[in-house]
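Please read through the structure below; I'll follow up with questions.
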Amino acid sequence: MQANPLTELEFSRLGSGQVAYLRKVKTDDLATSFPALPPMTPGVELWALFAANGDPIVLSDERDNVLVGAQEHELRTVMLQ
């Protein structure tokens, strides 16, 4: 018996509201993920927390602050390299 594949919408909702990922980002790349941010010094590495579907949640220069943000939103975190 073959399982039904997930639709793109179903796949994008996996982990929604439960799982988030954190990763380092450079200020050069923030305009697409965090469009409301003012211009920042280029080349600076920051930590970002994203929802399972890729929506940005928290941005900080400290990894611990991002983890606190995840806890406040009751999210389990994974780290992407």
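The values are calculated or read from the model by the stated rules, or taken from the named source; none is laboratory data. As the structure is a computational prediction, the values presented were derived from the model and not from experiment. We place every Cβ from the backbone using ideal geometry, glycine too, and count neighbours over all the protein chains shown.
Name every residue in the range 31-81 that is modelled with pLDDT under 90, among the aliphatic types (A, V, I, L, M) and more than 12 Å from the chain's Cα centre (by Cα), in order of residue number.
Ala31, Ala36, Leu37, Met40
Related question: Can you give me the number of residues within the range 1-30 that are under 18 Å from Arg76 (Cβ atoms) and either exposed (fewer than 10 other Cβ atoms within 10 Å of the Cβ) or modelled with pLDDT of 85 or more (or both)?
The number of residues fulfilling the criteria is 4.
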